[in-house]
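My questions all concern the structure below.
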Amino acid sequence: MSLLSERQREDLHKSMLDYLHANNFIAAFNALKADAGTEYVPDPKAKYAGLLEKKWTSVIRLQKKIMDLENRNAALQEELSMSPAKRAASQSDWVPRAPAAHVLTGHRAPVTRVAFHPQYSIIASASEDATVKIWDWETGEFERTLKGHTKAVMDVEFDHKGHLLVTCSSDLFIKIWDSQNEWKNTKTFPGHDHSVSAVRFMPGDQFIVSASRDRTIRVFDIASTHLVRTISGHAEWVRCVVPSDDAKLLASGSKDHTVRIWDAQTGESKLELRDHEHDVEVVAFAPIAAYAAIRELTGIPNTGLKRPGMYLASGARDRTIKLWDTQSGQMLRNLPGHDNWVRALAFHPSGKYLLSASDDKTIRVWDLSTGRCMKTIDAHNHFVTTLAWGRQPATGAAAPAVNGNGESASSAEPEKLVNVVATGSVDQTVRIWLP
C-alpha cells in the first residue's frame, strides 16, 4: 500500500465502506471498519457517496479511450511507414473540391493562362493586363511581376527543367524569361503577323511552337531565335497548339471549327478533324496513363500499344468536349454537359479523369472510362479561362528518350502524384485547389 499517502488510503477506505454500506454488506462493512480502524458514518451527501463506482467506470472509460488511441496510432504509424508511392496511390483519385485553398489577386484584367513550374511550388499566370505574375502556390504568396509585353499576354509555359519561361502576346511577340537570372527577359522573337494565341516548348526544350491569328503555326529555334518552320493549313485564327510527348505530332485547334494533326518534323497535315460546330478553344493529347480508360470507354481492344499522341481531347465554343483517335481521325466520344464555351482541358495524372473549365464558371470532372461527368465545381465568379494540373516530377517518364535527355521510359507510374490544380478567370483571380 506504500503507493498511497495516508490521506488517499483513508479516502479509499471510506469509499469502500460507503459502497459496502450502500449495498447492505453490513458484516463486511463492520469488519473493514474494525480492521482499518477507520471511523465512518455513512452520509448520502458526503463526497464518498458513490465515489467507488464513479472511479471504477471512469477507469473503464479511460482504458477504452487508450485502446482506441493506440489502435489509431498504430494505423497512422503503418500509413507513415508505407512508401511514398503507396501513400500517393491512396491519394491518386484526388480531384479538386470547393473551396479553393488560395485566391490569388493582383491582376488588373482577365487571367488568360496559368502554368506550373516542374520542380518548385511556383506558378506563373498570364493576363490581359500585359503582365505575367509569379506566385508560390503552396503559400498563396505573390512573388513578382514580369513586364515586357505591351498588350495582353495570351499564353505562358515553363520548359521541362523550369529554367525558362515562354510567353506570347497580342503584341505579336514571343518572349523567353530566365527564372534562374532574376526572371530577366533574355530573348524576344518577332513571332507572327498577328496576335499570338499560344506557345509551347517542344519536348527537349530546343524549340518552341506557336499559334497565331495570322492562321499559321510556327516553330522557332530557341538558341538562335530563328524561325525553323511555318505550318499553314487552317483557314482561320489558330487558337491553340500542343506537341505530343515524343515531339512527333502537333495538334491545333482553330476558329475554322477544325482540329488538325500535323507531322511536327515536316509540317505536313496528317488529319483534319471536323465535328465541332464552333471555334475550337483547346486541344490536349491524352497521356499514356489514360489509354486504358479511353479504350474501355470506346470499346477499342486494349492492344497495349503505348505510343504518345494516340488520343486527343478538344474543347470548343459549341460547349462540347470531343475525344479523337489521332491515327484514324475518328471521333470516339462526345462529352456534352457544359452550358457555355469550353476553354481548358487537363488530364488527371492517374489517367482516370479529364478536367474541363468553361465560361459557365465551373470545372467539370469526367470519368474517362464511362464518359460521365462525375463532379461539377463552381470555381469562379466569372468565365473560367484556364486550368492546369501541377506538373508531375516524372514528366520525362512518359516520353521515350527521343529528346536526348536520356530519360528512361520504364516507369509507367510516377513515384508520387503532385495533387494541385490552378484555374484562372475573367474575374481577374487565380485559384489554387489543394487536397
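So who's got an amide H within less than 5 Å of the one on THR326, skipping anything under 5 residues away but keeping other chains? H placed 1.01 Å off N, in plane.
Placed amide hydrogens put TYR311, LEU312 under 5 Å from THR326.
So what is the relative contact order for the chain, in percent, with contacts set as C-alpha pairs under 8 Å and at least six apart?
13
So what is the relative contact order of the range 221-370, in percent, for Cα pairs below 8 Å that sit 6 or more residues apart?
On the way: 360 pairs, mean separation 25.8, N = 150.
About 17 percent, as a whole number.
Measure nothing but the geometry: give the 0 to 90° angle between the long axis through the Cα atoms of 6-22 and the longest principal axis through the Cα atoms of the chain, rounded to 10°.
The angle comes out near 80 degrees.
Moving on. Would you calculate the separation in nanometres between label points at TRP56 and GLU277, each defined as 7 Å from the Cα along the Cα-to-beta-carbon direction?
Each label point lies 7 Å from its Cα, and together they span 7.9 nm.
At GLU236 and ASP339, where each label point lies 7 Å from the Cα along Cα→Cβ, what is the point-to-point distance in nanometres?
For GLU236 paired with ASP339, the spin-label model returns 2.5 nm.
In the range 1-40, which GluC sites (Glu not before Pro) fall in coil by DSSP and have 14 or fewer other Cβ atoms within 10 Å? If you can, show how the numbers build up before the last one.
Details: sites: GLU6, GLU10, GLU39; in loops: GLU39.
Hits after loop and neighbour filter: GLU39.
So how far apart, in nm, are the two label points at LYS45 and ALA98 if each is 7 Å from Cα heading toward Cβ?
So the two model labels end up 6.0 nm from each other.
In the range 1-46, what trypsin sites (Lys or Arg not before Pro) fall in a loop by DSSP, with at most 16 other Cβ atoms inside 10 Å?
Sparse-neighbourhood loop trypsin sites (Lys or Arg not before Pro): LYS45.
I've got another one for you. For ILE300 and GLU141, what is the calculated FRET efficiency with R₀ set at 41 Å and r taken between the beta-carbons, to the nearest 0.05?
Efficiency at R0 = 41 Å is approximately 0.35.
Then there is this: 222 nm [θ] for the chain, helices only, -39500 (n - 2.57) per DSSP H run of 4+, per residue, to 500?
-5500 deg cm²/dmol
OK, next. Compute the longest continuous run of the chain that contains no exposed chymotrypsin sites (Phe, Trp or Tyr not before Pro); treat a site as exposed when its DSSP state is not H, G, I, E or B and it has at most 16 other Cβ atoms within 10 Å.
Within the chain, the longest run free of exposed chymotrypsin sites (Phe, Trp or Tyr not before Pro) spans 121-435.
What whole number of Å gives the distance from the Cα centroid of the range 123-152 to the Cα centroid of the range 325-367?
So the separation of the two Cα centres works out to 26 Å.
Could you check how much of the accessible area of the range 1-160 is carbon and sulfur, as a whole percent, using a 1.4 Å probe?
Numbers: 5630 of 10330 Å².
Of all accessible area on the range 1-160, carbon and sulfur atoms account for 55 percent.
Over the range 123-281, what is the mean sequence separation of C-alpha contacts under 8 Å (at least six apart), divided by residue count, expressed as relative contact order in percent?
Numbers: 427 pairs, mean separation 18.7, N = 159.
RCO, the range 123-281: 12 percent.
Related question: Provide the per residue accessible area, probe 1.4 Å, for the chain, rounded to a whole number of square angstrom.
Dividing the accessible area of the chain by its residue count gives 48 Å².
Hey, got a sec? Which GluC sites (Glu not before Pro) in the range 244-301 land in a DSSP loop and have at most 11 other Cβ atoms within 10 Å?
Listed in order of number, the matching sites are GLU268, GLU277.
The values are calculated or read from the model by the stated rules, or taken from the named source; none is laboratory data. If you're wondering where the values come from, they're calculated on a predicted model, not measured in any experiment. Cβ coordinates were reconstructed from backbone atoms using ideal geometry, including for glycine residues, and neighbour counts include every protein chain displayed. We work out accessible area using only protein heavy atoms, side chains counted, and drop any ligands, DNA or RNA first. Shrake-Rupley method; radii C 1.70, N 1.55, O 1.52, S 1.80 Å.
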